[in-house]
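**Q** Mind having a look at this structure? Questions to follow.
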Amino acid sequence: MTSAAPAADRSRDTALPFPRVYDWARWPLSRGRLAAAACVLAFAAALWSTGGSARAVAALLVAETLLLCLPWRLPRTTRSVAGFWTETLCGLIAPLGAIAVAAWSGASWLGRGADWWWFAAGAALGGCLILASGMNPRALVTGELAFLAGPTRPGHGYARATATLVGPAGEEALFRGVVLSAAAGPAAPLGLLAAAAFVARHHIPPGANGRDSARAMGVEIGSAVALLALTAASHSLYPALLAHLLNNIPPAVLQFQCARSGRPTP
């Protein structure tokens, strides 16, 4: 996250009934955010070229990318709960939309299961991703991690936790469903582009969030490749969804813990 606003500016914003959601003076995007947005838009263009219901998903992905490129005000702690939730929900447009489009179009892979060993592999992958992230499960259970992280505004923490738990199903439908729905020929290149877009999409929102470290990038790239491989091998979305959800549960729990210890906000 960027450095905090000056005290005078912060007090002026928080004194308003509705603290500002945008900071228009900081609209120009960094090179990293521009590159991430370009990667996601390239994936959207590839989806559009496949035709059919994929075009609706592509349009939602473009809309989401443009919304995430808005100059959302930083630091986020100076924003109202409504403003924070607005940004959070903008980041769920494409994932939730992908599920809705798949259900509406009757995508066959939605009802395609897998043998039990693929779910065992998914559970193992989820555990490996947790260990690779460096999170200490024991410290999470005892509350030590929440103590070290410090309290957050409840409305903000609950928004983060909700997105962390809701996101996996939609992200798997958006970025791994293409492997199951594309023809045999285009499946591989489209899947690899989807894996790249999966990583890039997490770098479009503004602010430092710990994703730029070498370790975090390595885990993101490794998870994208592993989830793609698991989906392609099992011919089902659900083993990868299990792995993704297991990986997201610890940070969601941490957000809930920090939110519960934070001060109430309007």
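The values are calculated or read from the model by the stated rules, or taken from the named source; none is laboratory data. Computed from a predicted model, the values in this text were never measured in an experiment. Virtual Cβ from ideal backbone geometry, glycine too; neighbours counted across all protein chains shown. In case anyone asks, the SASA skips ligands and DNA or RNA and just uses the protein heavy atoms, side chains included. Shrake-Rupley method; radii C 1.70, N 1.55, O 1.52, S 1.80 Å.
**Q** Mean Kyte-Doolittle hydropathy of 0.5 or higher plus an axial Cα length of 15 Å or more: which whole DSSP H helices in the chain meet both?
**A** The answer, listed by residue number, is 31-50, 54-68, 93-105, 116-133, 184-201, 214-234, 238-260.
**Q** For the chain, which whole percent of the accessible surface, found with a 1.4 angstrom probe, sits on carbon and sulfur atoms?
**A** The value for the chain is 69 percent carbon and sulfur by accessible area.
**Q** In whole angstrom, how far apart do the alpha carbon centroids of segment 221-266 and segment 100-127 sit?
**A** The distance from the Cα centre of segment 221-266 to that of segment 100-127 comes to 15 Å.
**Q** Hey, what did the chain get for relative contact order, percent, Cα under 8 Å, at least 6 apart?
**A** Computed over the chain, the figure is 30 percent.
**Q** Also, I was wondering about something else. With a cut-off of at most 15 other beta carbons within 10 Å, and DSSP calling the residue loop, which trypsin sites (Lys or Arg not before Pro) in segment 98-190 qualify? Please list them.
**A** 112
**Q** Label-point separation (nm) for residue 110 and residue 63, each offset 7 Å from Cα along Cα-to-Cβ?
**A** 1.8 nm
**Q** Let me ask you something else. Pop a pseudo-label 7 angstrom from the Cα along the beta-carbon direction at both residue 144 and residue 217 and give the gap in nm to one decimal.
**A** Each label point lies 7 Å from its Cα, and together they span 3.0 nm.
**Q** Moving on to the next point. Tell me, what is the per residue accessible area of segment 70-164 in Å², probe radius 1.4 Å?
**A** Solvent-accessible surface per residue comes out at 48 Å².
**Q** Over segment 222-266, average the accessible area per residue using a 1.4 Å probe and give it in Å², no decimals.
**A** I get 44 Å² per residue for segment 222-266.
**Q** Quick one: compute the contact order of segment 43-133, relative version, from alpha carbon pairs under 8 angstrom and 6+ residues apart, as a percent. Walk me through the intermediate numbers first.
**A** Working: 43 pairs, mean separation 22.6, N = 91.
With pairs under 8 Å counted, the relative contact order is 25 percent.
**Q** Just 55, 26, 79 to compare: in a GNM of the chain, with alpha carbon springs under 10 Å, which one fluctuates most?
**A** Its mean-square fluctuation being the largest, the pick is 26.
**Q** Students often get this wrong, so try it: which of (1) 7, 32, 40, 20, 2; (2) 7, 28, 35, 22, 7, 1; (3) 7, 23, 27, 23, 13, 5, 2, 0 is P(r) over Cα pairs in 10 Å bins from 0, in percent as calculated from the structure shown?
**A** Recomputing P(r) over Cα pairs in 10 Å bins from 0, in percent here picks out (2).
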